[in-house]
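Student: Structure incoming, see below.
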Amino acid sequence: MDSFISVSPLKILEKSSRKGLGKGNLGVLIARAGVGKTACLVHIALDKLFRKERLVHVSLEEGPEKVTAYYNVMVSDLVKALNLEDEAEIRWIIDRNRMILAYLNRSFSMERLERSLTSLVDNLDFAPETLIVDGLDFESADREIIERFKDLAGRCDVEIWFSALSHRHITETNERGIPYPCERFDDLFSLIIRLDPDPTGVFLRLLKDYDAPVAPGMAVRLDPNTFLALD
Amino acid sequence: MDDVRKLRNIGISAHIDSGKTTLTERILYYTKRIFAMHEVRGKDGVGATMDSMELEKERGITISSAATYCEWGGHRINIIDTPGHVDFTIEVERALRVLDGAILILCAVGGVQSQSLTVDRQMNRYKVPRIAFVNKCDRSGADPYRVVDQLRERLGHNPVLMQIPIGLEGDFRGVVDLVRMKAVYFDGPHGEEVRVEDIPAELLEEAEKRREDMLDAASMFSDELTEAVLEDHVTEDLIHDAVRSGTLSLRMTPVFVGSAYKNIGVQPALDAVVHYLPSPPDVPVHALDPDHDEREIPLQCTPDGPTVALAFKLEVTPYGQLTYVRIYQGSVGKGDDLYIIRSGKKIKVGRLVRMHADEMEDISRAYAGDIVALFGVECYSGDTFTDGRVNYTMSSMFVPEPVISLALSPRDKKAQDNMSKALGRFAREDPTFRTHVDRESGETIISGMGELHLEVYVERMRREFNAEVTTGMPQVAYRESLTKRADFDYTHKKQTGGAGQYGRVAGFIEPSREGTFEFVNQVKGGAIPTEFIPAVEKGFRSCMEKGLLVEFPVVGMKVTVNDGQAHSVDSSERAFLAAAVGAFGQAYPKAGPVILEPIMKIAVETPSEFQGTVMSSINQRRGLIMSSTEDGTFSTIEAEVPLAEMFGYATTLRSLTQGKAEFTMEFSRYAKVPEAVAEELKSRKRRK
């Protein structure tokens, strides 16, 4: 799957100063509703899974069937784009290395998540290297919960990627140029990227790169249907 | 003939123990089909009317789909009571095939449970419009609003509350009808007296808010209602029409609340069946024309067209076979001649009856749209009947292959005879139940979809047919398959006096993409004469029955024959058949043969405190956990587990979780067994 990076939206991370997020750190992908947050997060997940790294996908809005459907669609697009032959083998690798934890109807809490992660390690010997957290309500999230995720990332030696929902009508940014809804705790995130639709495609822009300055125009253009990199 | 638009064919489908038999019983009581009510596990020893089989009464579950008929609000309603356990899903699938609509019962405490997911998937497959009835609102922990959220989140429905409860748990005493904006109470010893009053003041604000939500949702399906909402002249009829339109298009699920056990909310649910579920002409139906490549032919729900009817359920009674049929077109009357499309056999309709669980009412004719039963007709479940004017067949139902088998030994000669009768009957009733005699051991083998599925038939054999049998250990239906291409070039030559035998075949075998048997003839220049090619194919096909690894059936093999040789005198069909068998023996060991086992998709629903314990129990069974979903205080763990590891899991799960967890299981796919298991199977074979 070396060819994956040639079409993966993760090319944007290749442009970052440390070529990725790294364990103990938090990253966030900001986008408006319907632009493709989950699709991009799934690409981040696939990159890890293809390296046979273990990953937990935490879904706070959708049940496992929908999450699995997202992965299936993304994999089908990849198989077509890269002309891959052994789709069954790819799906097997994904099933072996991915665990979906869904929390429906506001049943999410950090205690529950930690208990499930402990249970995965104790009962299944499944120690993830990455957590994908999709659907956390950043608008109502307080600083404490993000700090607890940061603490979890350090203690469990995982990198954690989030999706955050922004709104067209809220345009303010903080003094460091980080937009709503992450402007209140951007110091806790190592990487912040934003998905911007544009008449010529969808752009993935790097907004924060650890403490390194971000050059303007640090972006990757994506196919709006498959979310695979075009350039 | 009555107006077919005033007919409803409905199913009551739900999670086990969510109260469907109790609800059905109440419906029959209020529609005056019965005059006393019993409980499912009745203290009076009578049991609810729909549970017609002794075994069902004992277990408190419903195994067979008993059909029954009643009338409500000037409408005729046929109710098919469907089983709730996943091991009997063929019963559910069959019932859904002939239904036009359904009541999906959900438990106000347990909510959308794993079984509800399976049943809902089945309803989606047959595009059955449904209304939801949130039952058991009188129970401690009841929360119908949470169930509505779960309908949306877990089943992907667009649920719309048509009522709100008045009180909950021990205080549950009635419902607020959001269409009429009235409180409805159910008085009398059995709730038969419906009392309509003003909405209690403390619920008025909530009711107004919920009505607005309901009108918003319903307006999506009616411009007239949208206009009426804006102009503030909404009528009950406008709401009914809009909700009906949303329900029929499967884009809305109206939700009702109640407690069948406490006789609350059943009559409004019956009103909803009449208002919102489809009549037969509302549902387009197609037959297949076998004379024209199974082209789809739309059927008209009229009494005049050529008759087309489907036998969807057989039942043995002391008086002979009872065949439940759904008439899709035309009519069926006493004395009519009908033709069974499968066999071409002509049958005469002796008695035509309308069923009410165990009782029956003779009728002289039934028309398109109706569900009735024929008496004394010899046929199979799934057969299509016509009056001979057309040769159509109803589309075949999805029938999964059995995954588990069990050896039976009758205790004595009498038991042997009775067992044979029973097996013949069950195989006709249930296409997922198969039976055969093992050629080597001489044992009778039954096969089905799960342990419980087979256990129930064994018990029915004892109780209904007086056949005492002992059973062996359940056996998993393993398969063998190839993983790579292997060439063959085999000559069958025999010269032992008299006419000789000669045939040479060459080519290769390889895995087939479709998982079936494929045969490709690429022989050029008559190297194998054309008349012997079918014998070559037959020879290879016969090898699929028993692989050379551990003698399990072989699946997914493609054979390409590209060369060969014949002898002008000694070649024959028999010689080429033998050559093909020899060629298979030559190539198969080189084709990387593997053993495959059935993998089951399981969903375990457990209080969250046992999440870790359950995960561990699945892991110990070579299971691959795919996900865990937490919702309220419950977790649902979905996993794939080899069937061979699932024997006795129900007992294990009960003891691990103090009986609080349950699981469902359905076939997912075949997968290669791990090396250690393959070795164990091979050595077991060697020991035999």
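Student: Pick from B:Thr302, B:Thr247: which is at pLDDT below 95 and not basic (Lys, Arg)? Talk me through it step by step, then tell me what you get.
Tutor: Numbers: B:Thr247 fails: at pLDDT below 95.
Exactly one residue qualifies, and that residue is B:Thr302.
Student: Another question about this same structure. What's the total number of residues in segment B:623-656 that are within 12 Å of chain A (Cβ to nearest Cβ) and closer than 23 Å to B:Pro674 by Cα?
Tutor: 8
Student: Among A:Ala45, A:Ala69, which is the only one that is in contact with a His (Cβ under 8 Å, 6 or more places away or on another chain) and part of a helix (DSSP H, G or I)? Show your work before the answer.
Tutor: Details: A:Ala69 fails: in contact with a His (Cβ under 8 Å, 6 or more places away or on another chain).
On inspection, the qualifying residue turns out to be A:Ala45.
Student: Restricting to segment A:145-169, give me the number of residues that are modelled with pLDDT under 95, open to solvent by 40 Å² or more (accessible area, probe 1.4 Å) and within 19 Å of A:Gly135 (Cα to Cα).
Tutor: 3
Student: Within segment B:290-369, which strands (runs of 3 or more DSSP E) (wholly inside it) include 1 or more residues that are among the aliphatic types (A, V, I, L, M) and open to solvent by 40 Å² or more (accessible area, probe 1.4 Å)? Reasoning before the result, please.
Tutor: Numbers: elements: B:295-299, B:308-317, B:320-329, B:331-333, B:337-340, B:346-348, B:351-356, B:359-363, B:365-367.
Hits in segment B:290-369: B:308-317, B:359-363.
Student: For B:Ala676, are the conditions met, namely being hydrophobic (A, V, I, L, M, F, W, C), free of Cβ contacts under 8 Å to residues at least 40 places away in the same chain and out of contact with any helix residue (DSSP H, G or I) (no Cβ under 9 Å at 6 or more places or on another chain)? Outline the logic, then answer.
Tutor: Details: hydrophobic (A, V, I, L, M, F, W, C): yes; free of Cβ contacts under 8 Å to residues at least 40 places away in the same chain: yes; out of contact with any helix residue (DSSP H, G or I) (no Cβ under 9 Å at 6 or more places or on another chain): yes.
Spelling it out, B:Ala676 is indeed hydrophobic (A, V, I, L, M, F, W, C), free of Cβ contacts under 8 Å to residues at least 40 places away in the same chain and out of contact with any helix residue (DSSP H, G or I) (no Cβ under 9 Å at 6 or more places or on another chain).
Student: Would you mind finding the one in B:Val523, B:Val604, B:Val505, B:Val569 that is modelled with pLDDT of 95 or more and either closer than 30 Å to B:Phe634 by Cβ or more than 32 Å from the chain's Cα centre (by Cα) (or both)?
Tutor: Details: B:Val523 fails: modelled with pLDDT of 95 or more; B:Val604 fails: modelled with pLDDT of 95 or more; B:Val569 fails: modelled with pLDDT of 95 or more.
Only one candidate qualifies: B:Val505.
Student: Given the conditions (1) surrounded by fewer than 20 Cβ atoms within 10 Å (Cβ to Cβ); (2) out of contact with any Phe, Trp or Tyr (no Cβ under 8 Å at 6 or more places or on another chain), report the number of the one that B:Phe375 does not fulfil.
Tutor: Result: B:Phe375 passes all but (2).
Student: Sticking with this one: Which one of the conditions (1) away from chain B (no Cβ under 13 Å); (2) in a helix (DSSP H, G or I); (3) exposed (fewer than 13 other Cβ atoms within 10 Å of the Cβ) does A:Lys52 fail to meet, given that it meets all the rest?
Tutor: (2)
Student: Does A:Gly34 satisfy the criteria of being under 23 Å from A:Asp151 (Cα atoms) and either touching a residue at least 60 places away in the same chain (Cβ under 8 Å) or open to solvent by 10 Å² or more (accessible area, probe 1.4 Å) (or both)? Steps first, please.
Tutor: Numbers: under 23 Å from A:Asp151 (Cα atoms): no; either touching a residue at least 60 places away in the same chain (Cβ under 8 Å) or open to solvent by 10 Å² or more (accessible area, probe 1.4 Å) (or both): yes.
No; evaluated as a whole, the condition is false for this residue.
Student: Only one of (1) open to solvent by less than 40 Å² (accessible area, probe 1.4 Å); (2) more than 9 Å from every other protein chain (Cβ to nearest Cβ) is not met by A:Glu172, so which one is it?
Tutor: All conditions are met except number (1).
Student: What are the residues in segment A:90-148 that are more than 16 Å from the chain's Cα centre (by Cα), more than 12 Å from chain B (Cβ to nearest Cβ) and charged (D, E, K, R), if any?
Tutor: Listed by number, the residues that qualify are A:Glu114, A:Glu139, A:Asp142, A:Arg143, A:Glu144, A:Glu147, A:Arg148.
Student: Further, regarding this structure: Quickly run through segment B:5-25 and pick out the residues that are open to solvent by 20 Å² or more (accessible area, probe 1.4 Å) and either at pLDDT 85 or above or part of a strand (DSSP E or B) (or both).
Tutor: B:Arg5, B:Lys6, listed by residue number.
Student: Give me the pairs: first residue in segment B:413-438 and within 16 Å of B:Leu322 (Cβ to Cβ), second residue among the hydroxyl-bearing types (Ser, Thr, Tyr) and part of a helix (DSSP H, G or I), beta-carbon distance under 7 Å, and six or more apart or on different chains, which are they?
Tutor: If the second residue must be among the hydroxyl-bearing types (Ser, Thr, Tyr) and part of a helix (DSSP H, G or I), the pairs left are B:Phe426/B:Tyr457.
Student: So, in segment B:439-465, how many residues would count as being in contact with a strand residue (DSSP E or B) (Cβ under 7 Å, 6 or more places away or on another chain) and in a helix (DSSP H, G or I)?
Tutor: The qualifying residues number 5.
Student: Anything in segment B:479-500 that is part of a strand (DSSP E or B), farther than 24 Å from B:Glu573 by Cβ, open to solvent by 40 Å² or more (accessible area, probe 1.4 Å) and among the polar types (S, T, N, Q)? List them, or say none.
Tutor: none
Student: In the list A:Val67, A:Val56, A:Val42, which residue meets the criterion of being at pLDDT 90 or above and within 27 Å of A:Ala212 (Cα to Cα)?
Tutor: On the way: A:Val67 fails: within 27 Å of A:Ala212 (Cα to Cα); A:Val56 fails: within 27 Å of A:Ala212 (Cα to Cα).
After applying the criteria, what remains is A:Val42.
Student: Cβ-Cβ distance below 8 Å, separation of 6 or more or different chains: which pairs start in segment B:138-165 with a residue that is away from chain A (no Cβ under 11 Å) and closer than 15 Å to B:Arg251 by Cα and end on one that is basic (Lys, Arg) and assigned to a helix (DSSP H, G or I)?
Tutor: Partner pairs satisfying both residue conditions: B:Asn158/B:Arg152; B:Pro159/B:Arg152; B:Leu161/B:Arg210.
Student: From the list B:Val229, B:Val283, B:Val308, B:Val273, exactly one residue is over 20 Å from B:Gly101 (Cα atoms) and under 25 Å from the mean Cα position of the chain (by Cα). Which is it?
Tutor: One residue alone meets the criteria, B:Val308.
Student: Would it be correct to say that B:Phe433 is among the hydrophobic types (A, V, I, L, M, F, W, C), under 27 Å from B:Pro598 (Cα atoms), modelled with pLDDT under 90 and out of contact with any Leu (no Cβ under 7 Å at 6 or more places or on another chain)? Full working, then the answer.
Tutor: Values: among the hydrophobic types (A, V, I, L, M, F, W, C): yes; under 27 Å from B:Pro598 (Cα atoms): yes; modelled with pLDDT under 90: yes; out of contact with any Leu (no Cβ under 7 Å at 6 or more places or on another chain): yes.
Taking the combined requirement at face value, the residue satisfies it.
Student: Give B:Thr384, B:Thr393 a once-over and let me know the one that is among the polar types (S, T, N, Q) and at pLDDT 90 or above.
Tutor: Working: B:Thr393 fails: at pLDDT 90 or above.
Sole residue among the options that is among the polar types (S, T, N, Q) and at pLDDT 90 or above: B:Thr384.
Student: Additional query: If you check every pair at least six apart or on different chains, which have Cβ atoms under 8 Å apart with a residue in segment B:281-292 that is among the charged types (D, E, K, R) first and a residue that is surrounded by 18 or more Cβ atoms within 10 Å (Cβ to Cβ) and in a helix (DSSP H, G or I) second?
Tutor: B:Asp282/B:Leu248
Student: Additional query: For segment B:173-242, which fully contained strands (runs of 3 or more DSSP E) count at least 2 residues that are closer than 21 Å to B:Pro268 by Cα and open to solvent by 70 Å² or more (accessible area, probe 1.4 Å)? Full working, then the answer.
Tutor: Numbers: elements: B:174-177, B:182-187, B:193-197.
The qualifying strands (runs of 3 or more DSSP E) are B:193-197.
Student: Given the criterion open to solvent by 40 Å² or more (accessible area, probe 1.4 Å), out of contact with any His (no Cβ under 7 Å at 6 or more places or on another chain) and closer than 28 Å to A:Gly22 by Cβ, identify the matching residue among A:Glu89, A:Glu61. Steps first, please.
Tutor: Working: A:Glu89 fails: closer than 28 Å to A:Gly22 by Cβ.
Checking each option against the conditions leaves just A:Glu61.
Student: Looking at segment B:629-651, which of its residues are open to solvent by 40 Å² or more (accessible area, probe 1.4 Å) and either without any contact (Cβ under 8 Å) to a residue 12 or more places away in the chain or outside any strand (DSSP E or B) (or both)? Spell out the reasoning first.
Tutor: From segment B:629-651, those open to solvent by 40 Å² or more (accessible area, probe 1.4 Å) are B:633-634, B:645, B:647, B:650-651; that's our starting set.
Matches in segment B:629-651: B:Thr633, B:Glu645, B:Phe647, B:Ala650, B:Thr651.
The values are calculated or read from the model by the stated rules, or taken from the named source; none is laboratory data. Everything numeric in this text was worked out from a predicted model, so none of it was measured. Heads up, the Cβs are rebuilt from the backbone with ideal geometry, glycines too, and the neighbour counts pull from every protein chain shown. Surface accessibility is based on the protein's heavy atoms, side chains included, excluding ligands, DNA and RNA. Shrake-Rupley method; radii C 1.70, N 1.55, O 1.52, S 1.80 Å.
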